[in-house]
Structures are given as C-alpha cells and as structure tokens.
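Report on the structure given below.
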Amino acid sequence: MAIYLVQHGISVSKEIDPDPGLSEEGRNNVQRIAEVAKSYQIRPAQIKHSGKKRARETAEIFKRTLNVKKNLTRIKGIKPLDDVIHFAQSLDGNNSLMIVSHLPFLERLTAYLTTGNPNVTVFKFQNSGIVCLDQLPIPYGWVIKWAFMPNIT
C-alpha cells in the first residue's frame with residue numbers, strides 16, 4: 001500500500017495569525033490538487049496531520065474531497081524539525097495513509113525512506129503537493145511512485 005506525503009498549503013503570515021491557517025491561494029491550491037487526486041481515485045484509508053492549523057486545514061480539504069471515512073488524526077512527531085528516523089520506524093507499508101506535514105520534515109522523511117539517509121535531497125516538495133511512496137518487497141524498501149505538484153514549471 002501507499003503512503004501519501006502532503007506539504008500543507010500556503011498559509012497566511014505569522015503577523016496575521018500566530019498559528020497561521022491557509023491563505024485563499026493555499027486553499028485553492030489544496031483543493032485543486034485534491035481534485036486531481038480524486039480524479040485518479042486516490043483514497044487513503046486514513047489522514048494524519050501535525051496539528052498545526054495549516055496542516056489540519058489542508059487535511060480537512062483532502063478528507064472531504066477524497067471522501068475519506070475515518071476521522072482526521074492529529075499525531076506527534078511530524079513537525080518541521082522532528083526526528084524522521086524515529087517516525088519512519090512506526091510506518092506500516094500495509095496501510096494506505098496520508099500524512100500532512102511540513103518542511104523540512106517531509107523532504108527528510110522521503111530521503112530517509114528511499115535512501116536510508118535523511119540528509120540527501122531526493123525530492124523538492126511544494127506547498128499543497130503530494131508525493132506517493134510505495135514499499136517494495138524486501139530487500140528493496142521504499143520508492144517514489146508518483147507526485148502531484150501545483151507548479152510544474
């Protein structure tokens with residue numbers, strides 16, 4: 001099964017809101033990417049988010065658009081500077097899961113899962129973008145299967 005890693009949408013500035021939520025552009029981009037995912041019949045069994053307002057709002061849009069039945073879950077350990085190695089050890093490749101989080105966490109997690117080293121760059125995320133990772137049989141591990149990004153240029 002796949003793991004879908006989503007960087008939250010563009011947020012308003014911290015001067016406007018100390019716990020910034022999505023901007024109008026951010027909501028629009030998340031909705032657009034969620035619609036693309038829906039058109040490809042992407043449907044994670046569950047969506048988990050960091051608890052930060054912008055991540056929660058992004059997760060809510062994906063849940064509604066993709067018609068995910070399970071409630072959203074706020075989890076610890078996926079904030080920008082959290083330990084990707086510790087989190088990676090908790091992943092179960094048998095469940096279809098969407099994780100809505102932040103940079104640099106998502107880029108470091110992708111690097112660690114695909115190369116074993118969180119300090120190399122294997123993919124550049126964009127706000128509202130999705131990277132799908134798939135777990136191959138042992139001894140191969142995780143690979144990047146596909147990505148949807150709002151800006152393709």
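Asn119: under 16 Å from Pro80 (Cβ atoms) and touching a residue at least 60 places away in the same chain (Cβ under 8 Å), yes or no?
Working: under 16 Å from Pro80 (Cβ atoms): yes; touching a residue at least 60 places away in the same chain (Cβ under 8 Å): no.
Spelling it out, it is not the case that Asn119 is under 16 Å from Pro80 (Cβ atoms) and touching a residue at least 60 places away in the same chain (Cβ under 8 Å).
Got a sec? Which of Thr114, Thr65 is touching a residue at least 24 places away in the same chain (Cβ under 8 Å), under 15 Å from Leu5 (Cα atoms) and not aliphatic (A, V, I, L, M)? Give the steps one after another, and end with the answer.
Values: Thr65 fails: under 15 Å from Leu5 (Cα atoms).
Answer to the selection: Thr114.
In region 125-149, what residues are farther than 19 Å from Gln41 by Cβ, assigned to a loop (DSSP other than H, G, I, E, B) and either touching a helix residue (DSSP H, G or I) at 6+ places or on another chain (Cβ under 7 Å) or acidic (Asp, Glu) (or both)? Once the filter is applied, which keeps residues that are farther than 19 Å from Gln41 by Cβ, assigned to a loop (DSSP other than H, G, I, E, B) and either touching a helix residue (DSSP H, G or I) at 6+ places or on another chain (Cβ under 7 Å) or acidic (Asp, Glu) (or both), region 125-149 yields Phe125, Asn127, Ser128.
Filtering Gly77, Gly129, Gly93 for residues that are surrounded by 13 or more Cβ atoms within 10 Å (Cβ to Cβ) and modelled with pLDDT under 95 leaves a single hit, Gly93. Figure legend. Inter-residue proximity from region 131-148: first residues under 22 Å from Ala37 (Cβ atoms), second residues among the acidic types (Asp, Glu), beta-carbon distance below 8 Å, spacing 6+ or different chains. Indicated pairs: Trp142/Asp134; Val143/Asp134; Lys145/Asp134. Lys48: of a type in the set (D, E, K, R), out of contact with any Phe, Trp or Tyr (no Cβ under 8 Å at 6 or more places or on another chain) and under 23 Å from Tyr112 (Cα atoms), yes or no? For Lys48, the condition - of a type in the set (D, E, K, R), out of contact with any Phe, Trp or Tyr (no Cβ under 8 Å at 6 or more places or on another chain) and under 23 Å from Tyr112 (Cα atoms) - is met. Out of the residues in region 33-69 meeting the condition of being surrounded by fewer than 16 Cβ atoms within 10 Å (Cβ to Cβ) and not in a loop (DSSP other than H, G, I, E, B), tell me which one is farthest from the chain's Cα centre (by Cα). The residue in question is Ser39. Looking only at region 96-112, count how many residues are over 10 Å from the mean Cα position of the chain (by Cα) and either at pLDDT below 95 or small (Gly, Ala, Ser) (or both). Number satisfying all stated conditions: 2.
Applying the criterion of being among the charged types (D, E, K, R) and either more than 22 Å from the chain's Cα centre (by Cα) or buried (at least 18 other Cβ atoms within 10 Å of the Cβ) (or both) to the residues of region 8-23, the residue that is modelled with the highest pLDDT is Glu15. Counting residues in region 22-30 that are free of Cβ contacts under 8 Å to residues at least 24 places away in the same chain, of a type in the set (Asp, Glu) and part of a loop (DSSP other than H, G, I, E, B) gives zero.
The values are calculated or read from the model by the stated rules, or taken from the named source; none is laboratory data. Everything quoted here is computed from the prediction, not taken from an experiment. Neighbour counts run over all protein chains shown; Cβ positions are idealised from the backbone, glycine included.
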